[in-house]
Amino acid sequence: MMLGALLATPLVGALLLWRAVGRVATALHALTATLTLAGALAVSVTVNRGDPLVALDGFLRADALSAWMIALIGIVGALAASEAPRYVAPAAPGRFYLLFHLFIFTMLLAVSTDDVGLMWVAVEGTTLASVFLVNFERTRASLEASYKYLLICSVGIAIAFLGTVLVYFAGIQQFGDEAHALRWTTLLRLAPGLAPRVIELAFVFLVIGYGTKAGLAPMHTWLPDAHSEAPAPVSALMSGVLLSVGVYAILRFKPAVDAAAGAGFARGILLALGLLSVAVAAAFLWTSSNYKRMLAYSSVEHIGLVCLGLGFGGRLGTAGALLHIANHALAKSLVFLLSGRIRSAYGSAEIAAVGGLMRHMPRTGAGFLATMLALVGLPPFGLFVSEVMIFGAGFTQGFPAVAGAALVLLVVAFAGLLRSAHTMLYGTPPREPAAEAPGWRPALPVAVALLMLLFTGLAWPPGLGDALDRIVAIVVP
Amino acid sequence: MTTASNLLAFLGLVVTLLIVWRQSWPARLRLFVAQSLLLAALASTIGVLAHRRGLLLVAAVLAVVKGWVIPRVLARIASGDPVRPVAPGRSSGIALLVAGGLVVAAYVIMLPVTAAAELPTEGAIPLAFAMALIGLSLCVTGRDALGHILGFLVFENGIFGLAILATYGLPGIVEAGVFLDVLVIVLIMEAVVVQVRREHDSIDVDRLNELRG
């Protein structure tokens, strides 16, 4: 019931927003985002206090892992929604808001179903809902970005479909339990008896497919284009939670693959792709001349770290990876929102065109600096804690070489990111930017997100550790 | 059932190879229609012989969506473009050779599946996968938007064929999702291509090269 209401909120809101204009549209948009956030938080609290929520004969199901993602989608969705009215033409806001809430709906659906077939449909739905959002500014560059995004992600997701078909095939070959062979709960129960070679092959396809969506190198090529050309609230959603939904899909299959084919198989793939992603990102963080592209490559880096954490495994690695997903979602969506403000003030997304942020836009500049420090993993912010957990897992689980190499790459990425941030914050701009908006309203989402990052970094709120424990129990049975 | 599924999948592969070979767009579009109809025939054959009523419905939807609606949309996309002369000196020999290699690769990759299968249709599974791989290569090497879409659709057809052969049809909601998905992708592609053409006076994606690094 609760789960159904959560999913219905953005869907109904999107449909109502189709024809809405002017202040009605803005108000309806705000209401939909608020209700979605409230629903998401309610679902995740309920799930973490008791048993998984189940609806529609088990078709929809939210356990602790789903609840974690649902809460993140709700929070990042609200952050992005608070910034969206700045980007919308008041005359015809309908299409943007419609697609925005549909996008959130598809992501929520992907993480709250028990059926891996429906999960596939929903993940594909995220691409279809967001492709016009990427092209919202209708420039040549954004057109190119949306074309690449649609083509690459459609091919990727078709490969994931192949993987899903093979999983289903393995299930019905072994047990003939066709009615529920695509249910994740069934799959997990049957996993020890599934044909290991088939499951391995399926997992390769699944990782390539959902890894495309997650932005793992070498399937990440759509990501810098789409993230840099989309309007800031959409970039925030894509980078903050869409990539994690891709990781989530892989993560759902991991326990079944571990049970069917042994723990080493998924681990090897995840470690290799994670390390490659961090390496690719570290290189491109030094060469990007556009700050939104730079932030997009930083997302590749962080998703790589998440994969490393999942690959190292164990309690520490898995909990670290999940916490890192949350920290990255907060920090990256915030920095994309700020970069959108910077871009509209300076009229350019080139690093060279931006300078003296601290002087000309002191509040935006301070927020940007704090978020960049959080992103490179400095204390007191949460990313420091989750990175320590991930690397701690790497060294204790017996992968010192992988962890060491990733650590070196991380330092390279750190330096590249800070170099560009320094230019933007303290350099001299070629031309004066527009003044930043006064008042407390623009500062509110920034303060909220930074405060949450401080909480995950310094003092875990009650229930956070417990929620992570519940997820670990699901992923590492 | 073995004979029928092997024959239909083999014909599907032959049609796929013809798509690789032919250069003219109308011919390739007709071949794609033929491939989709062959798949629909495959689905209905298995549906009848294995007593799966659902597959008959799937076959009907497949024939309508991929045999009629999508080709019409593709023809509409192509009609706005001046007929591209076949590039001189570009032979299909190497592409066909690569496709041949992909067929062999498909057999190797699908070994675990055919080994685990106890189905009368298992012999055709690698053929369907070969179709998918060739479609993927068409999509990757496509030089304009139409080439990309066609490659993607052939790829999708191959995966769909594999799904039918290996599982005798997926649960209804997934099948419905797949059809809806392909249809929406093609429609969005059309919208994007229309815009690309307006911006660039061509659908040659070599001109989409502003985003680098």
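For the reader, a short list of remarks on this structure follows.
- Compactness of region A:115-261 was expressed as the Cα radius of gyration divided by 2.2 N^0.38 Å, which yields 1.12.
- Pairs of alpha carbons in chain B whose separation is greater than 33 Å (percent): 16
- For region A:201-262, diffusion coefficient by Stokes-Einstein and Kirkwood Rh (Cα), 37 °C, 0.692 mPa s, µm²/s: 266
- Based on the Kirkwood approach, the hydrodynamic radius assigned to the protein assembly as shown is 25.6 Å, with every pair of different Cα atoms included.
- Measuring max minus min along each principal axis, the C-alpha atoms of region A:23-131 give extents of 45, 28, 19 Å (largest first).
- Shape of region A:276-477, Cα gyration tensor, a/c cut at 1.5: oblate
- A straight Cα-to-Cα reach below 18 Å connects A:LYS292 with the lysines A:LYS148, A:LYS332, residues fewer than 8 places away in its own chain not being considered.
- Sum of -39500 (n - 2.57) over DSSP H runs of 4+, divided by residues of the protein assembly as shown (222 nm, nearest 500): -25500 deg cm²/dmol
- Here each label is just a point 7 Å from Cα along the line to Cβ, and for A:ALA352 and B:ALA191 those points are 3.6 nm apart.
- For region A:356-445, Kirkwood radius (reciprocal of mean inverse C-alpha pair distance, Å): 15.3
Rule-based calculations on the coordinates, nothing more; no lab input. Since this is a predicted model, take the numbers as computed values, not measurements. Glycine gets a Cβ as well: all are built from the backbone with ideal geometry, and neighbour counts include every protein chain shown.
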